[in-house]
Amino acid sequence: MTDRVAELLAAQPKDMTLMADFYLDPEVYEAELERVIYPNWCVAGHVSEWPESGDFRVFELAGESVILVRGDDGELRGFANVCRHRGSRVCLEAQGNTKQFACPYHGWQYGRDGGLVAARSMPEDFDKSEWGLKPVAVGIVHGVVLVCLADEPPSLDDAIRDLAEPMRAFGFDNLKLAARQNWVIPANWKISVENYQECYHCSTAHPEYARMHTLTVDYRRREQLQTGMLGKLAAAGLPDVEYEYSDYDTPDGQMGYHYSRTAMFDGYLTGSRDGQPVAPLLGELQGYDGGASDFTFGPFSFMLGYSDHIVSYVFKPVDLENSSCEITWYVRGDAVEMKDYDLDALTWLWDVTMEADKAIIRDTYAGVKSRFYEPGVFSMMERMESNYVRWVLRELESRA
Amino acid sequence: MTDRVAELLAAQPKDMTLMADFYLDPEVYEAELERVIYPNWCVAGHVSEWPESGDFRVFELAGESVILVRGDDGELRGFANVCRHRGSRVCLEAQGNTKQFACPYHGWQYGRDGGLVAARSMPEDFDKSEWGLKPVAVGIVHGVVLVCLADEPPSLDDAIRDLAEPMRAFGFDNLKLAARQNWVIPANWKISVENYQECYHCSTAHPEYARMHTLTVDYRRREQLQTGMLGKLAAAGLPDVEYEYSDYDTPDGQMGYHYSRTAMFDGYLTGSRDGQPVAPLLGELQGYDGGASDFTFGPFSFMLGYSDHIVSYVFKPVDLENSSCEITWYVRGDAVEMKDYDLDALTWLWDVTMEADKAIIRDTYAGVKSRFYEPGVFSMMERMESNYVRWVLRELESRA
Amino acid sequence: MTDRVAELLAAQPKDMTLMADFYLDPEVYEAELERVIYPNWCVAGHVSEWPESGDFRVFELAGESVILVRGDDGELRGFANVCRHRGSRVCLEAQGNTKQFACPYHGWQYGRDGGLVAARSMPEDFDKSEWGLKPVAVGIVHGVVLVCLADEPPSLDDAIRDLAEPMRAFGFDNLKLAARQNWVIPANWKISVENYQECYHCSTAHPEYARMHTLTVDYRRREQLQTGMLGKLAAAGLPDVEYEYSDYDTPDGQMGYHYSRTAMFDGYLTGSRDGQPVAPLLGELQGYDGGASDFTFGPFSFMLGYSDHIVSYVFKPVDLENSSCEITWYVRGDAVEMKDYDLDALTWLWDVTMEADKAIIRDTYAGVKSRFYEPGVFSMMERMESNYVRWVLRELESRA
């Protein structure tokens, strides 16, 4: 840890928003890459996106590029997209199916298992077995594919155990990607994630979201709706469970995770313009309980489980001053576009919401850069954000 | 002061143009923000731009954003455009009229006096009175509105006293904004201001300006024209005064200021294409004396007082490598566009002149970046620029 | 040498590709400018581009701008394009003919010999003779014009001596610029030059080039073709000589240089689409031997001598993360466009080849930035690149 980062950690006031330099200092960003970003899992997609052997997709994070490819043995593996000869990107396509990856520069060829298969004109003592693509950790939680750039990633065991029941209910083993969009947000990644962590802003900034989701109101006013929904859970085929092991409450050595279900306002069966279903019921669900579930997989990946579709949000740093949010909409595996669901209806809510989020995040970053900015007080509706910030600070500190 | 800045100050040769690093080193720029930019006044407009209570305009300087708003008590006040909760820009519009400023992020509301009026869901011990917008100093010199980002701005008293007579003559209490343009110049701010400080370049770079303004010629050749103009001052209603308290000659603790009047070439009554009036005579003026007045308000703001209109030039840093110049044309308060003045005729001279200035400043910055650049000798027509440079160096040194 | 550069030099593994920081660290780039870029010669063109006294061209390198002008005495001279008064670029045109260079800012005038001719309003003790444009070294090797930004450039004597015979054969004293293109490549300059140093990539990335040039194959397979060509050299009017004094093998105090001739595949008389001539035979040549010659002039400038045209490649840094390659096509001095040569036919090969090079260089730079990149092993077809890299490291080390 550089002196500068230690200095900032010591100066940060407790239980307040972060000091500006945590969003602006390149040394903080370098420390975050090493201690917060690379050592943690990040969602890369769903297993259904790699149905066949040889299917590949490129996963990008903070300037790194990872090839995710299904092997001949059916296993999904990750490899750094960097040729071992001269450093070139090996795979230039975002997705596809291939027998081998041939580097476009000098033609070195790598198999689906990352092994170096061919390299012309190398010295006699050159041993191909030592020059395969470097492996990157890939994990799967009931169909959700995760990537971690560290050598020793956190264990997924607890998440796999506890999320089994709710993920089975939503049929996570039988999903289909319906749409995906990547938003680039001109702000440090933490402001983007923090914004997702609190719904204090929803009533001000998201009128569409606010008319159906109850996180916009104080928890006391939400109580009655919540009780009503809980009574319908069993009939709808949903478990009455809740897990909060994310961020500051992450179990030691494990990936943080979270599951909970929250009532929507009356008349809203799902997150759609009129509250009516926009796709077939997911998995084992038997009906609509009027709720929506929050899933968390590690510190950067979130899913919102409506009864008829799942929306995934993955936040990543691009560089110190830019971040991205990839939003993916999943429907039931056998749902057919135009017949069972309409893309515009499915994506409407989070299109308008993300557009607004991008603007408020950008305008906040502009203000945070001001010499007049200083840490503020969290509202009572920003406890998750406060918890997240404490976690980031702890990671920066403890891995020093 | 960092060692680097001290080193440069020690190495700078006397009475020569600045060493390249004063224009290129990020540490110099940081030091300038703290010691030169923020502690000094900068013109933000004229009081007529805020006629009513609730009228606001956003003033920007070196990445900072300030809300200038007229209060219910008629007072003009400045506030940092940074929400005290999460840091967002509070006011996103450039100008308007409002009862309250509601932050677009979480809806915190601030009154016209900057006080925090409403904030939902805050902890019980949260005291709104402590979380108003941070005040920024606003000053007024006979109708000219100035902003200073420092806690203890220089006094305006001397400027108010000495400029009272000439500003009354030009009717500064009765002006109207006719046009405004903001030029972004790809060069360090000092090269932009230095360029304004000397007319050595005018005969080479500004043929339009040079055929009417006599600053293009040596002061000895200007003498005769000047004598002729001085004889007409009284009849025209202009005072025969001159004040030179700007830059290196700024009185201690005061804002620097300057007033002088200079003859134009014969046949030019004002700064227009053919020398003929382009708007009604200003204030108490009784006729044309064939001169133009220079006003200076602090180190970044200049005005050129023709008998029938005033042109204001405000220079600001954007960042280390970019600056801006806001040009505003003012006419008499009761002048009516199309009837009393024509915008094209009014703005012609400084449109062409600024276009040329932008090019020469850019090409100078390119050359200053060269390893072959070294400080040069000032001509006898660049004494004001030399004086300005000495002032910048003194401020960097003395506030260390 | 900064500690950082010394650290990197010590850590670099022998005979492997460079560690990433040599391509990414601003301190390395600063050191390279001082020790590798500025102290070495770079080709600026051919004497035929300055036929008359007063003819000038501006040469650019790593942000520097140099005026190259033919004097009244017929001598070609170089001057830093930086006004000695205020630092402005003096010459804004890329090429032309002029009696004097008048600075567009304040009108200082410089003669064709760089001397200051006129400067208005300067102090009495100002001595014009001390304020001429700063000279920059210009050298000529049998018609090839070179520039060096250092005070004491390497000697050109050895190159002039050894290259006399081959350059006379190609008629370097009688060339004509047919076309020129400047490519900006988004990668550190070394990746661009290294790419030119090896043809290991040619068979993968350059199908057009690979079907005629034999450097794409291992030297053992090239042997037979080479023997065939050598037998035709004398008849074609070409000397059977070879010089390899470039990069790591540069003689002390001399500019590095290289000359060799390599057979093309059967049926290719020159580097054209169908192998047929695209311009008149050069210089003293009597026929086609089926070969192509490589010339090297210092570390950044290369020429490919076909029997009927010469292609010049000059690589320059733009900044740490960008470089450029200027490609110029020369034909015999009396060749007439449309009649003796067709531009599309002439430039086709290196248009498509450079387009492909730009892509592979860019994708390599992306991979080199990865935390997974580490130095790789050179193939047996990359010995020149390996030699070049050793030279760069030695220069960084020895000039410390």
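Things to note:
- Its residue count N fixes a reference of 2.2 N^0.38 Å for the range C:1-150, and the Cα radius of gyration divided by that reference is 1.30.
- Inter-copy label distances at B:Thr227, shortest first and taken from points set 7 Å along Cα to Cβ: 10.0, 10.0 nm.
- Residue order for A:Arg221, B:Arg332, B:Arg220, A:Arg35 - accessible surface, 1.4 angstrom probe, largest first: A:Arg221, B:Arg220, B:Arg332, A:Arg35
- For the pair C:Glu60 and C:Glu7, the difference between a 0.36 nm per residue extended length and the Cα-Cα distance amounts to 15.9 nm.
- Over 41 Å [Cα-Cα, chain C], rounded percent: 17 percent
- Summed over qualifying helices (DSSP H, 4 residues or more, each -39500 (n - 2.57)) and divided by its residue number, the protein assembly as shown shows a 222 nm mean residue ellipticity of -8000 deg cm²/dmol.
- Normalised by the number of residues in the range B:101-185, the mean separation of alpha-carbon contacts (under 8 Å, six or more apart) gives a relative contact order of 16 percent.
- Accessible surface comparison of C:Asp15, A:Asp158, probe 1.4 Å, protein chains only, largest first: the order is C:Asp15, A:Asp158.
- Going by accessible surface with a 1.4 Å probe and the largest first, B:Ser155, B:Ser398, C:Ser260 read B:Ser398, B:Ser155, C:Ser260.
- Cα lying deepest toward the dipole's positive end in the protein assembly as shown, options B:Gly287, C:Gly71, C:His85, charges on Cβ: B:Gly287
- Just so you know, the averaged projected area of the alpha carbon convex hull for the protein assembly as shown sits at 53.2 nm².
- Using the empirical formula 2.2 N^0.38 Å as the baseline, the Cα radius of gyration of the range A:252-303 reaches a ratio of 1.39.
- Alpha-carbon centroid distance for the pair the range A:340-364 / the range A:1-66, whole angstrom: 24 Å
- With the convex hull drawn around the C-alpha atoms of the range A:85-228, the volume per residue stands at 211 Å³.
- The spacing between the range A:366-400 and the range C:154-230, judged by their C-alpha centroids, is 58 Å.
- Free-standing Cys, chain B [no other Cys Cβ under 4.7 Å]: B:Cys42, B:Cys91, B:Cys148, B:Cys325
- Other-copy label distances relative to C:Ala118, 7 angstrom Cα-Cβ extension, nm: 7.1, 7.1
- Here the dipole of the protein assembly as shown is about 1440 debye; that uses its Cα centre as origin and unit charges on the Cβ of Lys and Arg (positive) and Asp and Glu (negative).
- In chain C, the beta carbon lying closest to the axis that superposes C onto A belongs to the residue given here with its whole-angstrom distance, C:Pro26, 7.
- Beyond 31 Å in Cα-Cα separation lie the following of the pairs A:Lys99/A:Lys176; A:Lys316/B:Lys358; B:Lys134/C:Lys369; B:Lys128/B:Lys190; A:Lys99/C:Lys369: A:Lys316/B:Lys358; B:Lys134/C:Lys369; B:Lys128/B:Lys190.
- Our summary gives the range A:147-259 a relative contact order of 37 percent, counting only alpha carbon pairs under 8 angstrom and 6 or more residues apart.
- Of C:Val43, C:Val141, C:Val82, the one that fluctuates the most in a GNM where chain C has Cα springs shorter than 10 Å: C:Val82
- Beta-bridge orientation, the protein assembly as shown: approximately 95 percent antiparallel, per DSSP, counting only bridges with both partners inside.
- Residues of the range B:248-272 with amide N under 15 Å of a point placed 7 Å along Cα→Cβ from B:Glu242: B:258-264
- Neighbours of A:Arg77, meaning other residues whose beta-carbon lies under 10 angstrom from its beta-carbon, give a summed charge of -1 when Lys and Arg score +1 and Asp and Glu score -1.
- Position B:Val352, label points 7 Å along Cα→Cβ, spacing to each other copy in nm (shortest first, one decimal): 5.3, 5.3
- Taking all protein chains as shown and a probe of 1.4 angstrom, A:Glu75 keeps an accessible surface of around 100 Å².
- Stokes-Einstein, applied to the Kirkwood radius of the range C:43-115 over Cα pairs at a viscosity of 1.306 mPa s and 10 °C, places its translational diffusion at 130 µm² s⁻¹.
- Under 10 Å, Cβ to Cβ, from B:Asp344 - net charge with Lys/Arg +1 and Asp/Glu -1: -1
- When only Cα pairs below 8 angstrom with a gap of at least 6 residues are kept, chain C shows a relative contact order of 20 percent.
- Candidates B:Met122, B:Met381, B:Met255, ranked by Gaussian network fluctuation over chain B, Cα under 10 Å, top entry: B:Met122
The values are calculated or read from the model by the stated rules, or taken from the named source; none is laboratory data. Predicted model only: the values in this text are computed from it and were never measured. Note that each Cβ is placed from the backbone with ideal geometry, even for glycine, and that neighbours are counted across all protein chains shown. For the accessible areas, the whole protein counts, side chains as well, though only heavy atoms, and no ligand, DNA or RNA atoms are used. Shrake-Rupley method; radii C 1.70, N 1.55, O 1.52, S 1.80 Å.
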